[in-house]
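First comes the structure, then the notes that go with it.
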Amino acid sequence: MSKISVFTRSELAERLLLVNNFRLALGFFFFAYFAALGFLRLTFSPGTEAVLFLGLFLFTYSLLTQYFLKTQKMIAMVEIVFLSVFITLLDIVLITLSIYFTGGGENPFFVFYLLSLLMTAFIFPYYRAGLFIWLAATLVFYEGQILMTLNGSLPIFPRFLSDQINPAISGRIIILNALGVPLVLLGACLAVYFISGYLLKERHLFKKILVEEETAQQEFAAISNISWILTRLQDLDYMLEKVLEETFKLLKLHSGSVLVVHPKNAHYHKRCSIGVPTAVNNFLSKLKPGRMPSEEDRNFGSLLKDEGIESFVAKPLLAPGGTYLGMIVFFIHQGETPSKRGLFNLDAIVNELGIVLAYALFIEKLKPRKRKK
């Protein structure tokens, strides 16, 4: 089972929508907070104006993304992955710019990277290695703006809620953050990597249990239908056809044949086949009563290979006393995998079918024969 198959396309789209809702609220918070801060202080510093603009940009873009996700009836997996990657990179850039305009390396706002890390793990649950790509991109942007600030390529902005810059103190804090922040982010990335791996394994196990329960319910329904058919239907030909159809559902196959013979009448036989090639049917018809098809028979093996059949499951139909009444054969074509649970329950179905056939043949014997004129 592939990793991506643990999550459906709709589930990934819902996760992306939830993350975008959070980004929408975060953008509104940044915009409202720094706008209120500027009005209360009766002045807007260049850094405050920049963060105000970034918050407005994040809010606007998240609003447009929200509109796109809600108006699209069917979002392709490629679009989901593209939007997820783009949103992740955009978050890293916006957080880095917000840090830079509010003090750069001496700003404690690097903790917002942790929010980006959690959102990345949430929208990429099936690709945990992407967390280390996120870490590399984050460190490139964060350390890059610190290095460009230290060598004078970028101007230094005052720290958050401060109007003055102390070069000596700022330099020590910047260097400390430049060394410490990567270690903090690396530790957080490793923790999220292992925790998300555990949650992914638990989800995989939970889905496997759900699939097994659903399969068991389907098999129970198929067995119930077969039991109803065996006890209610009087027409033997129709009964054999229905038994084959329901057993197909149980085994997850689509071709098979059942042959019924009379133990005391060599000319009596009934056959019902569904999806079986004519050549295979002809071969089964030529078998002597009591003889089962075998994979060791080279002619039969080559015939099955020519018809695209990999293997088969054959069961004898026996009366309660052990008298041979026929056989039932199911064919496994290339690419098919029979249900293990179905094969386990097949013996019980065959035994019940043998009892019903013995009764049906006894009734056939008691029926009055038409006299020849």
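Is it true that some residue in the range 116-126 is farther than 14 Å from Val181 by Cα, part of a helix (DSSP H, G or I) and at pLDDT below 80? So far as the range 116-126 goes, no, none of its residues is farther than 14 Å from Val181 by Cα, part of a helix (DSSP H, G or I) and at pLDDT below 80.
When the range 249-270 is filtered for residues that are modelled with pLDDT of 75 or more, within 16 Å of Met327 (Cα to Cα) and not β-branched (Val, Ile, Thr), the ones remaining, listed by number, are Ser255, Gly256, Ser257, Leu259.
Residue by residue, here is whether (1) modelled with pLDDT of 75 or more; (2) assigned by TED's automatic domain parsing to the domain that holds Pro293; (3) exposed (fewer than 15 other Cβ atoms within 10 Å of the Cβ) holds:
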residue: Gly335; (1), (2), (3): yes, yes, yes
residue: Leu346; (1), (2), (3): yes, yes, no
residue: Ile349; (1), (2), (3): yes, yes, no
residue: Leu357; (1), (2), (3): yes, yes, no
residue: Arg371; (1), (2), (3): no, no, yes
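Total residues in the range 282-295 satisfying the condition of being modelled with pLDDT of 75 or more, touching a strand residue (DSSP E or B) at 6+ places or on another chain (Cβ under 8 Å) and surrounded by 14 or more Cβ atoms within 10 Å (Cβ to Cβ): the figure is 2. Could you tell me whether Thr96 is more than 16 Å from Gln145 (Cβ to Cβ), surrounded by 15 or more Cβ atoms within 10 Å (Cβ to Cβ) and over 21 Å from the mean Cα position of the chain (by Cα)? Criteria not met by Thr96.
The values are calculated or read from the model by the stated rules, or taken from the named source; none is laboratory data. None of these values were measured; they are calculated from a predicted model. When we count neighbours, we look across all protein chains shown, and the Cβ atoms used for this are built from the backbone with ideal geometry, even at glycine.
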